[in-house]
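Every read-out reported here was derived from the displayed coordinates using simple, explicitly stated rules and does not represent laboratory data. No experiment lies behind these values; they were computed from the predicted model shown. Here Cβ is always computed from backbone atoms with ideal geometry, including for glycine, and neighbour counts include all displayed protein chains.
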Amino acid sequence: MKYVDEFRDGELAKTIAANIAREALATSGYHLMEFCGGHTHAISRYGIADLLPSNVRMIHGPGCPVCVLPIGRIDQAIRLALDHGVILCTYADTLRVPASGGLSLLKAKALGADVRMIYSTQDALKIARDNPQREVVFLAIGFETTTPPTAVAVKQAAVEGLKNFSILCDHVLTPAAMHAILAVEGLESGKTVPLDGFVGPAHVSTVIGSKPYEPFSDDYGKPVVIAGFEPLDVMQAILMLIRQVNDNRAVVENEFTRAVTRNGNLKAQQIVSEVFELRDTFEWRGLGSVPDSALKLRPEYMAFDAEHKFDVDYVSVPDNKACECGAILRGEKRPQECKIFGTVCTPDNPIGSCMVSSEGACAAHYTYGRFREIPLVMEVS
Ligand code: SF4
């Protein structure tokens, strides 16, 4: 297949759905986690869960970058914009994530903060060049997909001698979060979620390759199938996972061969490793503090580190008591199990981060109305 609409072909979808129905053993349960918010969005948008037998259950994972950002990280950005008077640049979804005191970056902007939505790191650099008298901070969030452009921007700023540019670095790492999900002691709640396999990330894997997932099959015995974000990609990956479970196999397979290789994009990895190093620990919404799960700037790029440049220490802040984002991001609950889902909390008025981005589980469920049909079956030991 060559064109995107071929990956949305209804007849082919029916064929794959029939294969899934035939091969999923009635005597087994298949608990499959799609790590990425992009897959969560595709599952909701295309009604994929409705095409699966009742014993094949998709569990939403923590792979939405906006969702996993804890409140304290947004608070830091707001303090930079309101208290330090910087021009705070970030991607659109981040603007609406609820923070402390009823604020968000968008509400801080309404209070007079200079918060700007950008489309790329190059926009942030341009703003810094155009405003040499102002400090410009880029709130850098995301998984391995968005890290290389941030690294390029920092290197570029260093070459140009842009002294008024810095980043608030909240880049996080996918394999570390998968380890946290599988390692009981890594979870804030201390609960385990039954998992029979992972639909592995698409865009992240184009950068890191398929190799970093091998410990999940080799050490944890969990099959991983890397899949693209189109509906047929996701359905084919589900079928491949079911086949592995039936055969009692656990290997890393790559459905997304049109974009992912075993070693990934070595050039991007090299640039990232030149600019960033591991943080000892980083707090994730839902997962708590996860060791070696995020990046910080290397000492030679310290001048571009907003946490170093300004007085904005990280302060951990608990989620809104009514919000179940933490349990949803751990795969323990579904959006419709939150008491305020779709009533108090909607995409127009998000109370938690999972209702903000289109990749967030709550927003995806709400937008496509899938919660109306899917029965609730929870098994958490
Ligand atoms: S519906 Fe809203 S409040 Fe509830 S878990 Fe989702 S984002 Fe949080």
Problem - Residue match in the range 284-302 (condition: buried (at least 16 other Cβ atoms within 10 Å of the Cβ), within 16 Å of the ligand (Cβ to nearest atom) and of a type in the set (A, V, I, L, M)) - result: yes
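For the range 311-335, which residues satisfy the criterion of being over 30 Å from THR367 (Cα atoms) and either in contact with a helix residue (DSSP H, G or I) (Cβ under 6 Å, 6 or more places away or on another chain) or within 10 Å of the ligand (Cβ to nearest atom) (or both)?
So in the range 311-335, the residues over 30 Å from THR367 (Cα atoms) come out as 311-316.
Once the filter is applied, which keeps residues that are over 30 Å from THR367 (Cα atoms) and either in contact with a helix residue (DSSP H, G or I) (Cβ under 6 Å, 6 or more places away or on another chain) or within 10 Å of the ligand (Cβ to nearest atom) (or both), the range 311-335 yields VAL312, TYR314, VAL315, SER316.
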Fill in the blank from the handout: For the range 96-140, the count of residues that are over 30 Å from GLY161 (Cα atoms), among the hydrophobic types (A, V, I, L, M, F, W, C) and in a loop (DSSP other than H, G, I, E, B) equals 4
Practice task
Check off (1) among the charged types (D, E, K, R); (2) closer than 27 Å to ILE208 by Cα; (3) part of a helix (DSSP H, G or I) for GLU144 and give me the number that stays unchecked.
Solution key: (3)
Fill in the blank from the handout: Contact list, first residue from the range 124-135 and more than 21 Å from ALA151 (Cα to Cα), second anywhere and surrounded by 19 or more Cβ atoms within 10 Å (Cβ to Cβ), beta-carbon distance below 6 Å, six or more apart or interchain, is ARG134/ILE87
Practice task
Scan the range 67-102 residue by residue and report those that are on the phi > 0 side of the Ramachandran plot and in contact (Cβ under 8 Å) with a residue 60 or more places away in the chain.
Solution key: none
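For the range 347-361, which positions are hydroxyl-bearing (Ser, Thr, Tyr) and more than 8 Å from the ligand (Cβ to nearest atom)? Even if it seems obvious, please write down each step before you answer.
As a first pass, look at the range 347-361 and keep what is hydroxyl-bearing (Ser, Thr, Tyr): 353, 357-358.
Those that are hydroxyl-bearing (Ser, Thr, Tyr) and more than 8 Å from the ligand (Cβ to nearest atom): SER357, SER358.
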Handout entry: Residue list for the range 126-165, filter: within 30 Å of VAL260 (Cα to Cα) and of a type in the set (Phe, Trp, Tyr)
Key = PHE138, PHE143
